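Structure first, then comments.
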Amino acid sequence: MVIYIKEISENVFEENGRLYTRNLVPGKRVYGEKLIEHKKMQLREWDANRSKLAAAILNGMSLMPIKDGSKVLYLGASAGTTPSHISDIVGSNGMVYCVEFAERVFRTVMDLSQDRKNIAPILADARKPELYNWIEECDIVYVDIADPQETELSIRNAMFLKYNGYMLIAVKARSIDVTKDPKQVFKEEKIKLQESDFKIADIIDLNPYEKDHAMILCKK
Ligand SMILES: C[S@@+](CC[C@H](N)C(=O)[O-])C[C@H]1O[C@@H](n2cnc3c(N)ncnc32)[C@H](O)[C@@H]1O
């Protein structure tokens with residue numbers, strides 16, 4: 001069988017339903033992912049079962065706002081799985097400010113930043129954006145923190161967005177209200193954003209990769 005690899009957005013590749021990003025640090029893996037060579041580049045497989053952004057792309061997100069050179073504020077970096085792929089996408093002219101408040105996983109992001117100079121780890125609580133208000137204005141605010149107040153917190157962190165910047169929020173319905181139908185939760189979060197002057201560009205259901213999750217893509 002002939003398999004074609006195509007670049008579907010800057011530094012993001014697709015081959016037969018699998019995603020890859022162009023490895024910023026050739027030869028290095030971050031979470032045991034497969035590395036392949038393609039046209040003098042090394043690509044890193046991007047596992048959609050471990051990254052909600054990859055799941056959103058495979059489920060047809062209508063536009064990919066993260067590009068080569070983008071500055072990204074990433075809230076809830078955890079051990080750096082998705083941040084590492086964003087680091088590949090934005091490349092050496094971009095920057096990923098990784099906010100995480102759990103010290104154990106934060107150490108992994110610190111290690112990652114040794115090789116990836118475009119990752120800036122920030123040990124802080126995303127509910128207190130004033131703690132990291134020294135960062136530059138960003139093209140993207142990416143939020144994945146599974147908190148009942150996630151949307152409110154995202155709106156507060158939108159203070160870092162450049163004019164025309166995009167916000168991506170990975171919403172876990174069960175973290176917001178376990179008793180409600182996830183579709184109702186997504187609708188309510190969407191309304192909160194609209195009431196704060198955000199325009200919704202897309203809402204992508206992340207099934208089957210992440211049950212009862214959606215990615216909201218919006219713009220101020
Ligand atoms: C679902 S995990 C993120 C997974 C990661 N985004 C990825 O795709 O690789 C959520 C992370 O958010 C962190 N978190 C939750 N609330 C936070 C807060 N208020 N400030 C900073 N980090 C927070 C948790 O410690 C956890 O590591």
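So which residues in segment 84-106 are outside any strand (DSSP E or B) and within 12 Å of the ligand (Cβ to nearest atom), if there are any at all?
SER84, HIS85, ILE86, SER87, PHE101, ALA102, GLU103, ARG104, VAL105, PHE106
The conditions are (1) within 11 Å of the ligand (Cβ to nearest atom); (2) surrounded by fewer than 23 Cβ atoms within 10 Å (Cβ to Cβ); (3) assigned to a strand (DSSP E or B), and TYR74 fails exactly one of them. Which is it?
(2)
Within segment 163-177, does at least one residue satisfy the condition of being among the polar types (S, T, N, Q), at pLDDT 95 or above and in a helix (DSSP H, G or I)?
No, segment 163-177 contains no residue that is among the polar types (S, T, N, Q), at pLDDT 95 or above and in a helix (DSSP H, G or I).
With respect to LYS190, is the statement that it is over 24 Å from ASP47 (Cβ atoms), away from the ligand (no atom under 13 Å from the Cβ), surrounded by 13 or more Cβ atoms within 10 Å (Cβ to Cβ) and at pLDDT below 95 true?
Judged against the criteria, LYS190 is not a match.
Looking for whichever is of a type in the set (A, V, I, L, M) and surrounded by fewer than 20 Cβ atoms within 10 Å (Cβ to Cβ) here; the options are LEU153, LEU168, LEU123, LEU112. Which one fits?
LEU123
The values are calculated or read from the model by the stated rules, or taken from the named source; none is laboratory data. As the structure is a prediction and not an experimental result, all values here were calculated from the model. We place every Cβ from the backbone using ideal geometry, glycine too, and count neighbours over all the protein chains shown.
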